[in-house]
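This report concerns only the one structure given below.
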Amino acid sequence: MSAVTTDIDAPVGVLVAKSPGFWSNVLRRLIRDPVAMIALAIIVILVLIAIFAPYIAPYDPSKGSVIRRLKPIGTPGYIFGTDELGRDMLSRLIHGTRLSLIMGVIPVPIAFIIGSTIGIIAGYAGGIVNTLIMRTIDVFYAFPSVLLAVALSGALGSGLTNALVSLTVVFIPQIARVAESVTTQVRKLDYVDAARASGASAATIIRVHILGNVLGPIFVFATSLISVSMILASGLSFLGLGVRPPDAEWGLMLNTLRTAIYSNPFVAALPGVMIFITSICFNLFSDGLRTAMDVKS
Amino acid sequence: MINLVGEPSPILPVGERGGPAQPLISVRGLLKHFPVKGSGFLKPKKVVHAVDGVDFDILKGETLGVVGESGCGKSTTARLLMQLITPDRGEILFDGESAGETLPLSEYRRQVQMVFQDSYASLNPRLTIEESIAFAPRVHGVPAAKAIARAHDLLHRVGLEPVRFAGRYPHELSGGQRQRVNIARALALEPRLVILDEAVSALDKSVEAQVLNLLLDLKRDFGLTYLFISHDLNVVRFMCERVMVMYLGKVAEIGERDAIFEKTRHPYSSALLASMPKMNPGERTLEPPLSGDPPNPIDPPAGCRFHTRCSFAEDVCRQTLPPLSRISGAQSAACLMAMTNSGHSRAPVQMEA
């Protein structure tokens, strides 16, 4: 090759062998993880149940009968028994999937977007901006999450929307904190300095160099919050701050059935079992995701 | 000069305006003190004197080597030059124009690029090689296809076949290959000055030699100027025309390579040179030329910075801070022993007429 070249002599426009990207590698490892896949399958089944609830449920979930009250599990026609108003438990559990999933899942992505934005800005800006934002966040963080959710719902009044708002507010500080710490770490790396040295604006650096490297860990943390959100949402409904009767929601069902805990304990425990299964599936899936993303190369 | 953009512009490009005699970079009184965390609140404010008033020139087309112990301010100087951290005081003149004032910062950044020591940390793990290299031109408004074409050309120039490497991710490359990518990335904006901050220190010896030769080739082909920071004196001797020795945030000695390596005038430089590993077993140093650690840069000693470890230190050294003074056309040193009538018993004396 001559010392001085004025034209581009490298092959241009040739097909470049592209290596599989980070996310396709994560996906490949995730698919090989049996626990995460089983958890994901159960989550998918629950979502399908929620979507097709009216077609699956054998009875109307709000239609009761005084003569069929508190039938035990295994009663012919009512395999999961009936509740304190004689409504079919299976139908109510199926319909309850809808509200329970909404209340568990909806607050997390909203909090993910808001919390990540706050945390990434604080982490990238550093210095006094970081201190101001993070100390404000710490005020919310100081409350135990259950207490904060209950207090906010109580102040806003009961109802589905208010419960969703208060759950979102509870999760924003937690996600912002994780986002801030990950961003602070990434910001110190040489490739961010190299990007700054090339004259790129802060917005471009965040978009190209920060987001791709911080969203993964924040996302994993956020998925683990879904199970917490499910439990908190059930708690709010149990306290009468979330969904109101006669709507079917697992937390609310736990509340109304607590009077039957001595006479018919297995039926009374069923909504709790559902909450447990759902939240543990979200937890296992997020664990699998974390492992799949942890591995280098 | 490689010209990837197109027609030559009628106006002289930045970096050519001052003519060949004008230094490419003139640094005057550069100073950076980092506040110590936790100090200043109900306690006296403490600062680390990382770079404490540094003057030097980088001439056009030369390689200036910077040597010194860890913590002497080499990397901080590099980052100040890169404008990654803002200096507390001092001025950086790029070809006679003040960076950030008469020369806009974005224009300055096109002209000065940097290669970092850690080849892995300096590449975004989520971007392919070609995306990393094409990023800076894209920021400066080069269309995507053209930026990628330039990235491929540069990969070719640093000895990585674009067909094989352009679509790969950093973790799929070896350390030497990654450092080649970093060099290509630094060249993507067609800079005049490339700062190499320990750029070859993390590579093993055979790869290091390849990369050094590559750097020399690129310098010749692209008409580059290097600031070469290293702790390996043999490499500095091989690469550099001029050498700057730093000690505790100050320039101890600066001059042409042969002047520094053959007849150094600063006791710190001679200690540093004496610590160089020798090939000849008969010339091995038996006693350490210098003992102890450098003083804490939070609280640097008064007078000459080096007097606490210098075997020639006298009372005057504890009181007077020696300025960097010219000894010959090729060499300047900051030592009272090299200054006429400085009061040191070994200083040259000149009679009053």
Q: For the stretch B:143-202, name all the residues that are of a type in the set (Val, Ile, Thr), farther than 21 Å from residue B:121 by Cβ and in contact (Cβ under 8 Å) with a residue 40 or more places away in the chain.
A: none
Q) List pairs: first in the stretch B:75-101 and within 14 Å of another protein chain (Cβ to nearest Cβ) and touching a residue at least 60 places away in the same chain (Cβ under 8 Å), second acidic (Asp, Glu) and assigned to a loop (DSSP other than H, G, I, E, B), Cβ under 9 Å, 6+ apart or cross-chain? A) B:75/B:198
(Q) Which residue is farthest from residue B:226 (Cα to Cα), if the candidates are limited to the stretch B:194-203 and must be buried (at least 23 other Cβ atoms within 10 Å of the Cβ) and among the hydrophobic types (A, V, I, L, M, F, W, C)? (A) B:200
Q: Give the number of residues within the stretch B:83-126 that are within 13 Å of residue A:197 (Cβ to Cβ), assigned to a loop (DSSP other than H, G, I, E, B) and touching a Ser or Thr at 6+ places or on another chain (Cβ under 8 Å).
A: 2
Q: Hey, could you check the stretch A:222-234 for residues that are small (Gly, Ala, Ser) and modelled with pLDDT under 85 and say which is surrounded by the most Cβ atoms within 10 Å (Cβ to Cβ)?
A: A:234
Q. Just one of B:233, B:224, B:173, B:196 is over 19 Å from residue A:191 (Cα atoms) and within 14 Å of chain A (Cβ to nearest Cβ); which is it?
A. B:224
Q. How about the stretch B:205-236: which of its residues are outside any helix (DSSP H, G or I) and either free of Cβ contacts under 8 Å to residues at least 12 places away in the same chain or on the phi > 0 side of the Ramachandran plot (or both)?
A. B:223
Q.
Condition (residue is in contact (Cβ under 8 Å) with a residue 60 or more places away in the chain, buried (at least 23 other Cβ atoms within 10 Å of the Cβ) and not charged (D, E, K, R)) applied to the stretch A:179-202: is it met by at least one residue?
A. yes
Q) Here is a list of conditions, (1) closer than 12 Å to residue A:248 by Cβ; (2) surrounded by fewer than 21 Cβ atoms within 10 Å (Cβ to Cβ); (3) not polar (S, T, N, Q), and residue A:58 meets all of them except one; can you say which number that is? A) (1)
Q: Considering every residue within the stretch A:140-163, establish whether at least one is of a type in the set (S, T, N, Q) and either within 14 Å of another protein chain (Cβ to nearest Cβ) or outside any helix (DSSP H, G or I) (or both).
A: yes
Q) Failed condition for residue B:38, given (1) crowded, with 16+ Cβ neighbours inside 10 Å; (2) on the phi > 0 side of the Ramachandran plot, with all others met? A) (1)
Q.
If a residue must be more than 8 Å from chain A (Cβ to nearest Cβ) and over 23 Å from the mean Cα position of the chain (by Cα), how many such residues does the stretch B:102-147 contain?
A. 13
Q. Just one of the numbered conditions (1) out of contact with any strand residue (DSSP E or B) (no Cβ under 6 Å at 6 or more places or on another chain); (2) under 15 Å from residue B:115 (Cβ atoms); (3) part of a helix (DSSP H, G or I) is not true of residue B:186; which one?
A. (1)
Q: Can you tell me which residue within the stretch B:83-100, out of those that are surrounded by fewer than 21 Cβ atoms within 10 Å (Cβ to Cβ) and among the hydrophobic types (A, V, I, L, M, F, W, C), is farthest from residue B:111 (Cα to Cα)?
A: B:85
Q: Name the residue, out of A:141, A:124, that is over 18 Å from the mean Cα position of the chain (by Cα) and closer than 24 Å to residue A:205 by Cα.
A: A:124
Q.
So in the stretch A:244-272, with the set limited to residues that are under 19 Å from the mean Cα position of the chain (by Cα) and not acidic (Asp, Glu), which one is surrounded by the fewest Cβ atoms within 10 Å (Cβ to Cβ)?
A. A:272
Q: Could you look through the stretch B:240-289, keep only residues that are assigned to a loop (DSSP other than H, G, I, E, B) and in contact with a Cys (Cβ under 9 Å, 6 or more places away or on another chain), and pick out the one that is surrounded by the most Cβ atoms within 10 Å (Cβ to Cβ)?
A: B:266
**Q.** Failed item, numbered, when residue A:200 is tested on (1) at pLDDT 90 or above; (2) closer than 30 Å to residue B:179 by Cβ; (3) hydrophobic (A, V, I, L, M, F, W, C)
**A.** (1)
Q.
Residue under question is residue A:172, and the condition is that it be within 17 Å of the chain's Cα centre (by Cα) and modelled with pLDDT under 90; does it hold?
A. no
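The values are calculated or read from the model by the stated rules, or taken from the named source; none is laboratory data. Since we're looking at a predicted model, the values are computed, not measured. When we count neighbours, we look across all protein chains shown, and the Cβ atoms used for this are built from the backbone with ideal geometry, even at glycine.
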